[in-house]
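One structure below.
What follows is calculated from the coordinates using simple rules that are stated; it is not laboratory data. The shown structure was predicted, so the numbers you read here are calculated from the model rather than taken from an experiment. For neighbour counting, all protein chains shown are included, and Cβ atoms are generated from backbone atoms with ideal geometry for every residue, glycine included.
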Amino acid sequence: MSHTFHLDNQVAVVTGACGKLGPIWIEALLDAGARVAALDLSGAPGSGAYDALAKRAGDRVRRFDCDITDRVSIEAAANGVVAAMGEPAVLVNNAGVDQPPDSAGTRHHLQDLPVDQFRRMVDVNVVGTFQVTQVFGGRMAAAGGGSIINIGSLYASVSPDAHFYDHLPGNAPFIKSPAYGASKAAVVNLSRYFATHWAGQGVRVNTLSPGGVLGGQDDQFKAKYGSRVPLGRMAGPSDLMGPLVFLASAASSYVTGHELRVDGGFTAW
Ligand SMILES: NC(=O)c1ccc[n+]([C@@H]2O[C@H](COP(=O)([O-])OP(=O)(O)OC[C@H]3O[C@@H](n4cnc5c(N)ncnc54)[C@H](O)[C@@H]3O)[C@@H](O)[C@H]2O)c1
């Protein structure tokens with residue numbers, strides 16, 4: 001049974017590889033036996049976790065430039081991955097943008113939020129995911145198999161609680177962008193779409209929706225957030241790795257079009 005959770009020598013692609021969650025997915029895939037193509041914007045700085053992991057993994061992790069909003073850039077990355085590593089069997093559509101509370105820029109009241117910010121989030125999180133799926137998923141469909149995991153969010157299902165942020169100073173209350181959850185809800189449905197269209201070619205497509213992941217949040221936020229989670233805390237890296245390997249590997253061979261919520265029960269009440 002346990003062999004079904006292995007990805008021995010398969011090529012796995014992770015977009016947005018250099019940020020906070022990218023190294024978590026990469027470590028899980030490496031542990032399961034895969035080799036990893038790490039895609040990110042040209043010049044994107046590697047997080048400490050990414051740099052340490054890439055160094056440790058040697059040639060089992062290779063970095064490729066890719067802007068997921070640019071089809072030409074995605075095709076160039078796909079050609080580079082295939083030439084250097086072989087045909088990918090796993091794609092983790094992880095690249096995405098959000099506006100964390102500490103991000104630079106003036107805060108806005110909801111009725112004044114600039115529409116350009118909304119469009120940018122949809123462009124990266126939805127259109128970007130769509131295009132990367134077209135390019136890499138199209139190759140998987142032609143090759144007769146693969147597993148695509150789109151990274152969603154708990155905010156695909158519920159609205160952010162503004163109370164989590166009401167202790168933060170600023171010229172206006174911090175509000176998490178309405179485009180973020182809307183874009184992630186779109187990702188869940190996009191996964192269902194591709195799942196049904198490519199099921200006949202052996203390509204499975206699922207969404208993994210994490211809850212809030214520990215990493216630099218202030219103590220008040222963590223306390224407020226944790227009190228809203230049935231399991232009582234934010235997610236850590238090891239909470240996310242098993243679910244990813246499950247969806248990537250043959251362990252989930254009869255699972256497609258599914259949203260796997262890894263949120264400690266946040267959306268259960
Ligand atoms: N961190 C969390 O608590 C959390 C919770 C739920 C879901 N998520 C989702 O997980 C994913 C990763 O989040 P994170 O916290 O690691 O974010 P992050 O900002 O730390 O990393 C995102 C990465 O994506 C890259 N990126 C941005 N635009 C890109 C583009 N156009 N083309 C290619 N790469 C691009 C960035 O350079 C960065 O390396 C996102 O989709 C996010 O919405 C995160």
* Please find, within the stretch 135-191, the residue that is surrounded by the fewest Cβ atoms within 10 Å (Cβ to Cβ) out of those that are of a type in the set (Gly, Ala, Ser) and in contact with a Gly (Cβ under 6 Å, 6 or more places away or on another chain). => Gly144
* Which listed residue is under 23 Å from Asp98 (Cα atoms) and among the acidic types (Asp, Glu), from Asp31, Asp40 -> Asp40
* To do: Identify the residue in the stretch 1-52 that is over 18 Å from the mean Cα position of the chain (by Cα), under 22 Å from Ala83 (Cα atoms) and polar (S, T, N, Q) and, among all such residues, is surrounded by the fewest Cβ atoms within 10 Å (Cβ to Cβ).
  => Ser42
* Hey, Ser209 loosely packed, with under 15 Cβ neighbours inside 10 Å, within 16 Å of the ligand (Cβ to nearest atom) and either assigned to a helix (DSSP H, G or I) or not aliphatic (A, V, I, L, M) (or both) or not -> no
* Mind checking whether some residue in the stretch 75-92 is buried (at least 20 other Cβ atoms within 10 Å of the Cβ), within 10 Å of the ligand (Cβ to nearest atom) and touching a residue at least 12 places away in the same chain (Cβ under 8 Å)? -> yes
* **Residue list for the stretch 196-213, restricted to those being among the small types (Gly, Ala, Ser) and more than 10 Å from Ser147 (Cα to Cα)** => Ala199, Gly200, Ser209, Gly211, Gly212
* To do: Taking His3 as meeting all but one of (1) touching a residue at least 24 places away in the same chain (Cβ under 8 Å); (2) part of a helix (DSSP H, G or I); (3) over 19 Å from Asp239 (Cα atoms), write down the number of the exception.
  => (1)
* Take the residues of the stretch 11-32 that are assigned to a helix (DSSP H, G or I) and aliphatic (A, V, I, L, M): which is nearest to the ligand (Cβ to nearest atom)? -> Ile24
* Answer yes or no as to whether Asp8 is free of Cβ contacts under 8 Å to residues at least 40 places away in the same chain and assigned to a helix (DSSP H, G or I). => no
* Asked: in contact with a helix residue (DSSP H, G or I) (Cβ under 7 Å, 6 or more places away or on another chain) and within 12 Å of the ligand (Cβ to nearest atom), is that true of Leu240?
  -> yes
* Qualifying positions in the stretch 33-61 - within 14 Å of the ligand (Cβ to nearest atom) and either among the aromatic types (Phe, Trp, Tyr) or part of a helix (DSSP H, G or I) (or both) -> Gly48, Ala49, Tyr50, Asp51, Leu53, Ala54
* Asked: Among the numbered criteria (1) in contact (Cβ under 8 Å) with a residue 12 or more places away in the chain; (2) under 30 Å from Leu110 (Cβ atoms), which single criterion is violated by Val205?
  -> (2)
